[in-house]
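Working notes, structure below.
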Amino acid sequence: MVAAKREDVQVAIGNANCNVTNLSEDQIVCNPPTSQPKSTPGYSRSDIPAVVVQIGNEKYFVGYLEYETAKELGIPLDYLVGGVAGVGLFIVVTIIICSCLYRRQKNKSKREFEKLMYQLDNMESNFIVECIEEMLDLNAEIGDGKKPLYRYDDYTFKILFPQMQDHIVLHPPITKNGNNERQHDITICHFSQLLHHKEFLLKFIRTLEKQQSFGDQDKSNVASLLIILYQNNLEYITEIIKSLLKELVEKSVEETCQKDMLWRTESVVEKLLANWLALCMYKNLEESTGSSLYVLFKALKFQVMKGPVDAVTGDAMYSLSEERLLLTENILEPVTITLNVEYEGKKYKCRCLDCDTITQAIDKMLDAIYRNIPYSTRPLGEDLDLDWVSENLTLQDEDNVKLKENGWRQINMIKDYEIPNGAEVVLSQYQKCRPLPRSPCGAVNASEYCNPETVPSTSTDSQINTQYWHLVKQPNDSQTKGLSSENYHTRLLATKGTLKQYIDDFIKTVLTASPNMPPAIKYLFDFLDDAAKQHNITDPEVAYIWKCNSLLLRFWVNIIKNPDFVFDIHKASIVDACLSMVAQCFMDSCSTSNQNSSKDSPLNKSLFAKDIPVFKKSISTFFDDIQRMPAVSDQDLNVYLAEMSKMSTNNFTKENALLELYSYVQKYSNEINESLEAESLTEAQEFPERQDNVITNNAGPSNI
């Protein structure tokens, strides 16, 4: 208990008072003078002030107090105080100035970005109004709505073996000659029987995935071959996928990487799931979403081809991709020419640009003649001649009229021949060899010719090294810098303004949970929700991300980028670039993080900045609507899968698929055998003879 009040206590440091601020049972707190006071007489040290506490009439000597700064520096106190105050003031002023400059620069950057977004909004609004007439032309171009949809088996091959024109499963069964033929047949037969046993197939896949030499291409190959084998028994492969998917969930939980599951498709089951979903979605594409996808593709192609497209670089005046914009300081103003085309005894009116190459013009004529007809059934542009009737002249991309200048030769265009509007031309199979090739870059058709990945920008003829160019020579840094950002904005927005409605309609169709939606989607989403609950995953983003990764990213992004998996069409490189931009917008919409645009964001990001939040909301609504739908039982799912299984034909040779799978048994026979023997219930116990024939007998089909 304190026996005195604060007012009763005085503390002196030398000849100065130390103002008491706090008093307790064990301490007295006071504020000393800012500078060292002078000492008082009566104490042993006359150079250092003494500390004395007085309570009432009693005085208590505490000790001596020497100010450290004064001791070390030996500088007059007045000078020291003034110097410290000056430095402090300088620091404060500097901080204030820097803060003001930073805030000013930040506000300036913010104002510039807001100005940019304001300009983009205004330009987009203007272009949407201006594009109404163009959209009417586009709707007329799309026509009666017919679409060259691939048959189920063709679609399946495109999904399972992308970018491949041929595969062993398309060939007749491979026969083996010699004395080992009977043993070979027995081995493959036993292997097929073993694969029909769930536990063996699961162990087979697990063992393969443990091998370091079993890479991503092998995983894709095994997943595709299994779908080929069980295309007419989807119920069985679905059970395999469910078992492996449960294991994948457990693995992601153990490694605390739940949100990464189904993102990278690093396992056989992830590739199996993607293939399985694609097959289940075929009817949906055929009856619903496919029409919207085809319209989007046609709209993209129409808008891009409406303006100049460089035949060498593949870049276009109108594009959704900043990287594929035609780099030119001078905006080309092409003239649209309508030509009266005769082909196989019929006459057509076809529009082209005066800056089109001859091959580009021919392809546009074929697009008009074979509208909405499978691309594979139409002739190639390189197989046709284009003759100008009144001049009795065959038009060609290259002739001897244009001379080379400094090693460069420009490809002929329609305007080089001065063809008038309404001219009569004839398309026909060429009957004689041309003195010079039609396409300097050796292209199969105009679209191939426009692909910088497949066609070199520099071509060499048989005599002299010649660099070909169409609208612009290969751009250098100075040309790129000369193109203003306003030019970029205008042309990107001109394209997006026309296509916005088609993009919105497609995504709306994809994100609509209708009763006609494949029951496999509802079943899969419920499966993922249940898996999250079983592992006590309370973060709602986890199941959300799994659903995005499985359906929206693994299936729909793939289909958006590759509509040629679904339809018999040709996808030119510039159209491919635009589709990739739509796909990227869709991917960004699936992200759970906020991706706010800034002045440093790519222009492509800013282009869809207003759309992504809308699409994000649509995705959440889509998932919620599916969650509220009645559950799909195992029986209901199997009924649907049985219907899908009936769609399979005999176009794929399963015997060859078995041989391909068996090659992995041969390669990893020891590892597979050890895996089987390590289990408490092995196929070696249940099927000792079959397992021995398959795993240990490598002599049979080794030379296949």
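The residue list Val614, Val542 contains one member that is among the hydrophobic types (A, V, I, L, M, F, W, C), more than 23 Å from Lys246 (Cβ to Cβ) and out of contact with any His (no Cβ under 7 Å at 6 or more places or on another chain), which is Val614.
Pull up region 366-394, narrow it to residues that are hydroxyl-bearing (Ser, Thr, Tyr) and part of a loop (DSSP other than H, G, I, E, B), then point me to the one that is farthest from Gln429 (Cα to Cα). Among those that are hydroxyl-bearing (Ser, Thr, Tyr) and part of a loop (DSSP other than H, G, I, E, B), it is Ser390. Whenever a residue of region 229-251 is within 14 Å of Ile205 (Cβ to Cβ), its partners that are part of a helix (DSSP H, G or I) and of a type in the set (Ser, Thr, Tyr), lying with C-beta atoms within less than 8 angstrom and at least six residues away or across chains, give the pairs Tyr230/Tyr236.
Run down His171, His197, His190 and say which single residue is modelled with pLDDT under 95, surrounded by 16 or more Cβ atoms within 10 Å (Cβ to Cβ), farther than 21 Å from Leu279 by Cα and in contact with a helix residue (DSSP H, G or I) (Cβ under 8 Å, 6 or more places away or on another chain). Even if it seems obvious, please write down each step before you answer.
Values: His171 fails: surrounded by 16 or more Cβ atoms within 10 Å (Cβ to Cβ); His197 fails: surrounded by 16 or more Cβ atoms within 10 Å (Cβ to Cβ).
Result of the check over His171, His197, His190: His190.
The number of residues in region 507-521 being assigned to a helix (DSSP H, G or I), open to solvent by 10 Å² or more (accessible area, probe 1.4 Å) and of a type outside the set (Val, Ile, Thr) comes to 2. For region 250-289, the set of residues classified as surrounded by fewer than 22 Cβ atoms within 10 Å (Cβ to Cβ) and of a type in the set (Val, Ile, Thr) consists of Val253, Thr256, Thr265, Thr289, listed by residue number. Considering Glu342, Glu287, Glu322, which residue is over 26 Å from Thr512 (Cβ atoms) and out of contact with any strand residue (DSSP E or B) (no Cβ under 7 Å at 6 or more places or on another chain)? Going through Glu342, Glu287, Glu322 in turn, just one is over 26 Å from Thr512 (Cβ atoms) and out of contact with any strand residue (DSSP E or B) (no Cβ under 7 Å at 6 or more places or on another chain): Glu322.
Glu342 fulfils the conditions (1) at pLDDT 95 or above; (2) among the charged types (D, E, K, R); (3) surrounded by 17 or more Cβ atoms within 10 Å (Cβ to Cβ) except for a single criterion, (3).
Looking only at helices (runs of 4 or more DSSP H) that lie completely in region 522-628, which have at least 3 residues being modelled with pLDDT of 95 or more?
Where helices (runs of 4 or more DSSP H) fall fully within region 522-628 and carry at least 3 residues being modelled with pLDDT of 95 or more, they are 540-547, 558-561, 573-590, 611-628.
Got at least one residue in region 237-250 being assigned to a loop (DSSP other than H, G, I, E, B) and either over 28 Å from the mean Cα position of the chain (by Cα) or modelled with pLDDT under 95 (or both)? No; the residues of region 237-250 include none that is assigned to a loop (DSSP other than H, G, I, E, B) and either over 28 Å from the mean Cα position of the chain (by Cα) or modelled with pLDDT under 95 (or both). Each residue in region 210-223 was checked for being buried (at least 16 other Cβ atoms within 10 Å of the Cβ) and within 20 Å of Asn670 (Cβ to Cβ), and 3 pass.
In the set (1) assigned to a helix (DSSP H, G or I); (2) in contact with a helix residue (DSSP H, G or I) (Cβ under 7 Å, 6 or more places away or on another chain), the condition left unmet by Asp504 is number (2).
For region 456-510, the set of residues classified as more than 29 Å from Leu553 (Cβ to Cβ), at pLDDT 65 or above and within 29 Å of the chain's Cα centre (by Cα) consists of Gln474, His489, Thr490, Arg491, Ala494, listed by residue number.
The requirement of being charged (D, E, K, R), closer than 15 Å to Leu320 by Cβ and out of contact with any Phe, Trp or Tyr (no Cβ under 6 Å at 6 or more places or on another chain) is not satisfied by Lys617.
Does region 44-56 hold any residues that are closer than 15 Å to Ala16 by Cβ and open to solvent by 40 Å² or more (accessible area, probe 1.4 Å), and which are they?
Gln54
Among the conditions (1) of a type outside the set (A, V, I, L, M); (2) open to solvent by less than 30 Å² (accessible area, probe 1.4 Å); (3) out of contact with any Asp or Glu (no Cβ under 8 Å at 6 or more places or on another chain), Gly381 misses just one, which is (3). List the residue pairs whose Cβ atoms are under 6 Å apart, where the first residue sits in region 363-378 and is touching a residue at least 12 places away in the same chain (Cβ under 8 Å), the second is assigned to a helix (DSSP H, G or I) and crowded, with 20+ Cβ neighbours inside 10 Å, and the two are 6 or more positions apart or on different chains. Correct list of pairs: Asp363/Gly381; Asp363/Ala446; Arg378/Leu366.
Residues considered: Asp397, Asp363. Of these, the only one that is surrounded by 21 or more Cβ atoms within 10 Å (Cβ to Cβ), among the charged types (D, E, K, R) and part of a helix (DSSP H, G or I) is Asp363.
The values are calculated or read from the model by the stated rules, or taken from the named source; none is laboratory data. Everything numeric here is computed off the predicted structure, so don't read it as measured data. Glycine gets a Cβ as well: all are built from the backbone with ideal geometry, and neighbour counts include every protein chain shown. Just so you know, the surface numbers come from the protein's heavy atoms only, side chains and all, with ligands and any DNA or RNA stripped out. Shrake-Rupley method; radii C 1.70, N 1.55, O 1.52, S 1.80 Å.
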